[in-house]
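Let me begin by presenting the structure, written as structure tokens, before commenting on it.
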Amino acid sequence: MPLWGTEDTAAAKPQISGRSQNAIKARDLFATEAGWAQVGAGRATTGKKHEVLVAIRGLSTVKIGGTGQTVGTTAQVKASITSMNWNISTYSRAAGGSHAAGTALSISANFNEAVTVTGAPTLAVNNAARANHTLTYRAADSTANRMTFTLEIAAAHASLQAGDVLAILATNQISLAGGGVVGADGQAALITHAADMGQGTLTAVA
């Protein structure tokens, strides 16, 4: 078991013991950007210089369990998805879709900060009538804080019929597929998301 971790929980804090009246208690330890620091009982953690007990760079920027922890009065968060959006407004099953024409199935996951993407992560799009569609990360259509996933489908392909409703559900999570998504602090980004991230649905037409 490690002596410390990068989460603001009692189990993750430095395990410092002792029987003297001056022994350091876990409740007196807090996360800073430099690492774990100590504060005396009843004293504030902001506006003061404190001795760093364990140096872990970027410790206070870790987001725990999907919610930001508070360091002093500032909430520190990890890179995470804030919204999603379709990049096409209609999809013609008869015409199909391609990158060249800008008609490929395309949806973006927008992050709260710039992320670095490696490999070829994928995103499953739910089809209410048949098998899901797997879209692949496309760097050419992405920006610093936006991951765009696309899929080219040939005209009149059996996998997508007129009237099919496409949606991103909470169960349609990004799959790293051996790659990675890392925030500006070097920590792995949170790539889970709620069902409704503002993207709505897309219905294929004939």
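The values are calculated or read from the model by the stated rules, or taken from the named source; none is laboratory data. On a predicted model such as this, the values are computed, not experimentally measured, just so you know. Backbone-built Cβ (ideal geometry, glycine too); neighbour counts: all protein chains shown.
Scanning the range 93-112 for residues that are closer than 10 Å to Asp141 by Cβ and not in a loop (DSSP other than H, G, I, E, B) yields a total of 2. Among the residues of the range 151-166, is there at least one that is in the same structural domain as Gly96 (by TED's automatic domain parsing), assigned to a loop (DSSP other than H, G, I, E, B) and either within 26 Å of Ala79 (Cβ to Cβ) or under 13 Å from the mean Cα position of the chain (by Cα) (or both)? No. For the range 173-206, a residue qualifies if it is within 19 Å of Ile88 (Cα to Cα) and surrounded by 15 or more Cβ atoms within 10 Å (Cβ to Cβ), and the qualifying residues are Met197, Gln199, Leu202, Ala204.
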